[in-house]
Amino acid sequence: MFPYTHICFANDVLGKISDEIILGAVFPDTIIAGFLEHSTAHNQAPALHSYLNGLAVLGDFSRAVITHSTTPRGLDYYCDEKYLDYEKGYAFEMARPLVEKVIKSCNLPQEMGWWKAHNFIEMAADVWLYQKRPEFHGCLKKALNNQTLVLAISQVLAPFFDVPAAKLAMSFPVYGEYVPTGEITPVEIATKYGMQTAKKHGITIDIMAAASVIEEAVDIVESSFPDFIHHCRQNVVELLNNL
């Protein structure tokens, strides 16, 4: 999922919000800076939780990372890997009707269509939640600008990930360049997505065409997302209670 969804979800699961929780909720996706692998950031939450618990620091950060993760089963597991009895996760399944339009608007080869189409459901969820839940407007920008906290987190995590603290600290502002930190509209999030696809794949997308697909995806999210997020919240609350 994209950041606004992860922030809302972390708040709902943990029952509170703070800069520490926000940075934990988005941390696995700071991989766009290039200092960590996707599998490392999304599948090591149990070991990271044990490490931080042993140091008796950043407990809220640790729990927020778990709400995001693929392993154990945080929001990204249900979004990407498996939801109910479907073949794949929620975003992939809801994206099926969008695949051809995404291929066209993003200038993609056919084999990348379904993979990239699931991002359009994720972006639509952010657009939808930004409209529905204004209480979190601006909070990502505020957290990313908390340089003291970013540095403290990076210094603690550096030995665990075997990455210099300066690089981990840099990953947060770099991440902020590739996602909306202010108003979230279809055009704004499509623009940021275009920056991501250019960085990752060297692909130039049609921003306005992509924004139109996101608008279509918002209708899909409107009808399906509340049940999905309720399912995830129940499971992740139980997961954290059993730690």
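The values are calculated or read from the model by the stated rules, or taken from the named source; none is laboratory data. From a predicted model like this one, the values you see are computed outputs, not experimental measurements. Cβ: placed from backbone, ideal geometry, glycine included. Neighbour counts: every protein chain shown.
Mind listing whichever residues of the stretch 124-145 are within 17 Å of E177 (Cβ to Cβ) and surrounded by fewer than 22 Cβ atoms within 10 Å (Cβ to Cβ)?
First, pick out the residues of the stretch 124-145 that are within 17 Å of E177 (Cβ to Cβ): 126, 138, 140-145.
Scanning the stretch 124-145 gives G138, K141, K142, N145.
Check whether at least one residue in the stretch 49-61 is farther than 24 Å from F160 by Cβ, modelled with pLDDT of 95 or more and out of contact with any strand residue (DSSP E or B) (no Cβ under 6 Å at 6 or more places or on another chain), and report yes or no.
Among the residues of the stretch 49-61, not one is farther than 24 Å from F160 by Cβ, modelled with pLDDT of 95 or more and out of contact with any strand residue (DSSP E or B) (no Cβ under 6 Å at 6 or more places or on another chain), which makes the answer no.
Give me the pairs, please: first residue somewhere in the stretch 197-213 and in contact (Cβ under 8 Å) with a residue 40 or more places away in the chain, second residue anywhere and surrounded by fewer than 15 Cβ atoms within 10 Å (Cβ to Cβ) and among the small types (G, A, S), beta-carbon distance under 7 Å, and either six or more positions apart or on two chains.
T204/A198
Could you please give the count of residues in the stretch 191-234 that are touching a helix residue (DSSP H, G or I) at 6+ places or on another chain (Cβ under 8 Å) and outside any helix (DSSP H, G or I)?
Residues meeting the conditions: 4.
Please identify the pairs in which a residue from the stretch 42-62 that is within 17 Å of Q155 (Cα to Cα) has its Cβ atom under 8 Å from the Cβ atom of a residue that is polar (S, T, N, Q) and not in a helix (DSSP H, G or I), counting only partners at least 6 apart or on another chain.
D60/S18
With respect to L98, determine if the residue is assigned to a loop (DSSP other than H, G, I, E, B) and within 22 Å of T197 (Cβ to Cβ).
no
Starting from the stretch 97-122, keep only residues that are among the small types (G, A, S), then list their pairs with residues that are surrounded by 19 or more Cβ atoms within 10 Å (Cβ to Cβ) and part of a loop (DSSP other than H, G, I, E, B) whose Cβ atoms are within a distance under 6 Å, requiring at least 6 positions of separation or different chains.
Every condition considered, the pairs that remain are A117/A95.
Every residue, every condition in (1) surrounded by 23 or more Cβ atoms within 10 Å (Cβ to Cβ); (2) more than 18 Å from the chain's Cα centre (by Cα), yes or no:
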position	(1), (2)
T40	no, no
H49	no, yes
D76	yes, no
Y83	no, no
M94	yes, no
E111	no, yes
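Considering H137, H231, which residue is more than 23 Å from A45 (Cβ to Cβ) and within 19 Å of the chain's Cα centre (by Cα)?
Just a single option satisfies the conditions, and that option is H137.
Quick one: would you say G176 is closer than 30 Å to V57 by Cα and either of a type in the set (K, R) or in contact with a Lys or Arg (Cβ under 9 Å, 6 or more places away or on another chain) (or both)?
yes
Which one of the conditions (1) free of Cβ contacts under 8 Å to residues at least 40 places away in the same chain; (2) of a type in the set (V, I, T); (3) farther than 22 Å from D19 by Cα does T148 fail to meet, given that it meets all the rest?
(3)
Give the residues of the stretch 85-114 that are closer than 24 Å to N11 by Cβ and out of contact with any Phe, Trp or Tyr (no Cβ under 6 Å at 6 or more places or on another chain), sorted by residue number. First the steps, then the outcome.
Step one: filter the stretch 85-114 for residues closer than 24 Å to N11 by Cβ, giving 89-91, 94.
Of everything in the stretch 85-114, those that are closer than 24 Å to N11 by Cβ and out of contact with any Phe, Trp or Tyr (no Cβ under 6 Å at 6 or more places or on another chain) turn out to be A91, M94.
Whether any residue in the stretch 72-89 is in contact with a helix residue (DSSP H, G or I) (Cβ under 7 Å, 6 or more places away or on another chain) and at pLDDT below 95 is what I want to check.
No, there is no match, as no residue in the stretch 72-89 is in contact with a helix residue (DSSP H, G or I) (Cβ under 7 Å, 6 or more places away or on another chain) and at pLDDT below 95.
Quick one: what pairs do we get from the stretch 172-195, first residue within 11 Å of D126 (Cβ to Cβ) and modelled with pLDDT of 95 or more, second small (G, A, S) and assigned to a loop (DSSP other than H, G, I, E, B), C-beta under 8 Å, 6+ apart or different chains?
Taking only residues 6 or more apart or on different chains, the pairs are E188/G182.
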